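A.B. asks: Structure incoming, see below.
A short reminder: the numbers here are calculations on the coordinates, not readings from a lab. A quick note: this is a predicted structure, and the numbers were derived from the prediction, not measured. Glycine also receives a Cβ, built like all others from the backbone with ideal geometry; neighbour counts cover every protein chain displayed.
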């Protein structure tokens, strides 16, 4: 594969090849009958492709445990639907904002996914 690709590049670009001190390095990924060629390697998170294991509801409390659990599920291919339960106006909006930011960080580069905020203040008031 290296020789075939090298020959095609030399033929098309007339570049000089120096395997000891390359000016650029090309990365080739073979996917089915296609080849993806790039000169920059950007590592992903690893694990299974997002969505390969179906959807899961992820409760985000704003602490450290829930985003770590969500991240680990995402690495196993789970597509998250984030849910944050809040007690506003008895709590500040800071917790809601923190949970939303955590969801954005977890989903960076993954596209848009649902983030639900569930108001629990009325239910909490009835319990008290």
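A.B. asks: Percentage of Cα-Cα pair distances in the chain greater than 23 Å, rounded to whole percent?
C.D. replies: 54
A.B. asks: Rounded to two decimals, what is the ratio between the C-alpha radius of gyration of the range 1-68 and 2.2 N^0.38 Å?
C.D. replies: Scaled against compact globular proteins, the figure is 1.84.
A.B. asks: From zero up to wherever the largest Cα-Cα distance of the range 38-87 sits, split into 5 Å bins and tell me the percent of pairs in each.
C.D. replies: 5, 21, 24, 18, 14, 8, 5, 3, 1, 0
A.B. asks: Shifting gears a bit: How far, in degrees from 0 to 90, does helix 2-13 lean away from the longest principal axis of the Cα atoms of the chain, to the nearest 10?
C.D. replies: 80
A.B. asks: For the peptides 16-28, 113-125, what is the packing order when you average, over each peptide's residues, the other Cβ atoms within 10 Å and list the highest mean first?
C.D. replies: 113-125, 16-28
A.B. asks: Whole-Å semi-axes of the range 55-127's equivalent ellipsoid, largest first, each the root of 5 times a Cα gyration tensor eigenvalue?
C.D. replies: Rounded to whole Å, the semi-axes are 24, 12, 10.
A.B. asks: Shifting gears a bit: Can you give the % of DSSP beta bridges in the chain that are antiparallel, to the nearest 5?
C.D. replies: 35
A.B. asks: Most fluctuating residue of 108, 13, 100 in a GNM of the chain with Cα springs under 10 Å: which is it?
C.D. replies: The residue that fluctuates most here is 13.
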